[in-house]
Each structure stands twice: as C-alpha cells, then as structure tokens.
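Worksheet for the structure shown next.
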Amino acid sequence: MRVLLVYDVDEKRLPAVHKVCRRYLYWVQNSVFEGELTRGRLNRLIEELERVIDKEYDSVVIYTFKGSAFLGRLQYGPAGDEGDFIL
C-alpha cells in the first residue's frame, strides 16, 4: 500500500522520529515521508514510532492508499531524497 506520513513533534524527539521514518519511507521534505509498505512493515513503523513519541504532545498522521486511488503528486521547489518518487 502507498503511505504518506506527516508529523509535528517536539524538537527533542525530532531526530528519533526522523530516523525511524527513514528506515521505512522516503523523506520528501521536513516532516513528510512517503513510500510503499506492506501491512506488516506499516505495523512495525507504527510500533517504533509509538516508542519514541509523546502521545500527549506529538502528532503523527499516516495516510494509506490502495491501488490507484491516488493518481499523482505535484511538487514545487527543491526535491527531498527521492524527488522522482510519485505516490
């Protein structure tokens, strides 16, 4: 499934959250990741994030897309790690 993950976390936890996300997804821009994951890998990503975030303060939003429901992406400005990756 396609995954789009966005987060807003405290600066103290930012490096840990970023590191976890980079193990599973492509870094698009600050606080935004995307990629293709199996259900199992998505569950592992969620478990790892739950260990490093503060659920009372931090926000993580994960959008999942199956099939071709999401047809493309427009981007303006510099690309992140995988500028040619299209959701």
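The values are calculated or read from the model by the stated rules, or taken from the named source; none is laboratory data. Every value quoted in this text rests on a predicted model; they were computed, and no experiment measured them. Cβ sites come from the backbone with ideal geometry, for glycine too, and all protein chains shown count toward neighbours.
Below, the figures for the structure above:
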item	result
Residue match in the stretch 48-71 (condition: part of a helix (DSSP H, G or I), on the phi < 0 side of the Ramachandran plot and in contact with a Phe, Trp or Tyr (Cβ under 6 Å, 6 or more places away or on another chain))	no
Hits in the stretch 28-41 (condition: at pLDDT below 95 and either more than 8 Å from the chain's Cα centre (by Cα) or aromatic (Phe, Trp, Tyr) (or both))	28, 29, 30, 36, 37, 38, 39
For residue 22: the one exception among (1) modelled with pLDDT under 95; (2) within 9 Å of the chain's Cα centre (by Cα); (3) not hydrophobic (A, V, I, L, M, F, W, C)	(1)
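Rundown of residues vs (1) among the hydrophobic types (A, V, I, L, M, F, W, C); (2) touching a Pro at 6+ places or on another chain (Cβ under 7 Å); (3) free of Cβ contacts under 8 Å to residues at least 40 places away in the same chain, yes/no style:
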site: 2; (1), (2), (3): no, no, no
site: 17; (1), (2), (3): yes, no, no
site: 21; (1), (2), (3): yes, no, yes
site: 30; (1), (2), (3): no, no, yes
site: 39; (1), (2), (3): no, no, yes
